[in-house]
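In what follows, a single structure is set out as structure tokens and then discussed.
What follows draws every value from the coordinates through simple rules; no lab data is involved. Just so it is clear, the structure is predicted and the values come from calculations on it, not from any experiment. Quick reminder, even Gly has a Cβ in these numbers, built from the backbone with ideal geometry, and neighbours come from all protein chains shown.
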Amino acid sequence: MGEEVILVRQFKNLKRMEEVNTFVNNHELSFLYISRQGCSVCHGLLPQVQTMMEHYPKIKLGHIDGKEYLREARIVQMDEFNHKVSKVYYGVLG
């Protein structure tokens, strides 16, 4: 038996606000992942989000390496997050 290959979707790096606006405006469904260097939670969560997004191929993925202004929580419930993404995805695409 061969090894299972897990594909990981890549995020487009967006650096300027104009790039972000163009990215969002040019895609029916887009997801922006905002992180910062040195954020262990951000970097630990990214592979989980990439894997989850395999289920939503029509969502275009963008990444912003930004500055933290507000921290809400260090824990993200992936099941709940996936459910919310699914509602939007199938709500838009039918």
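Extension gain Lys84-Lys15, at 0.36 nm per residue separation less the Cα-Cα distance, in nm?
Details: separation 69, 0.36 × 69 = 24.84 nm, distance 2.66 nm.
Value of the extension gain: 22.2 nm.
Only helical DSSP H runs with n ≥ 4 go in: add -39500 (n - 2.57) per run for the chain, normalise by residue count and round the 222 nm mean residue ellipticity to 500 deg cm²/dmol. It would help to have the intermediate numbers written out before the result.
Details: 3 runs with 38 residues, N = 94.
Taken over the chain, the calculation gives -12500 deg cm²/dmol.
Determine the shape class of the chain: with a ≥ b ≥ c the square roots of the Cα gyration tensor eigenvalues, call it rounded for a/c under 1.5, and otherwise prolate if a/b is greater than b/c, oblate otherwise.
rounded
Span-like helices, the chain: DSSP H, alpha-carbon axial extent 18 Å or more, mean Kyte-Doolittle -1.0 or greater, which ones? Mind dumping the intermediate values first?
Working: long enough: 40-52 (19 Å, 0.52); 78-93 (22 Å, -0.26).
Long hydrophobic helices here: 40-52, 78-93.
Tell me which lysines have Cα within less than 18 Å of Lys58's Cα, excluding those fewer than 8 residues away on the same chain?
Lys12, Lys84, Lys87
I want to check the label-to-label distance for Glu28 and Ile75. Put each point 7 Å from Cα in the C-beta direction and report it in nm to one decimal.
The answer from the label model is 3.7 nm.
How large is the dipole of the chain about the Cα centre if only Lys and Arg carry +1 and Asp and Glu carry -1, each at its Cβ, rounded to the nearest 20 debye? Could you put the intermediate results ahead of the total?
Values: 12 positive and 11 negative charges, 65 e Å.
Computed about the Cα centre, the dipole is about 320 debye.
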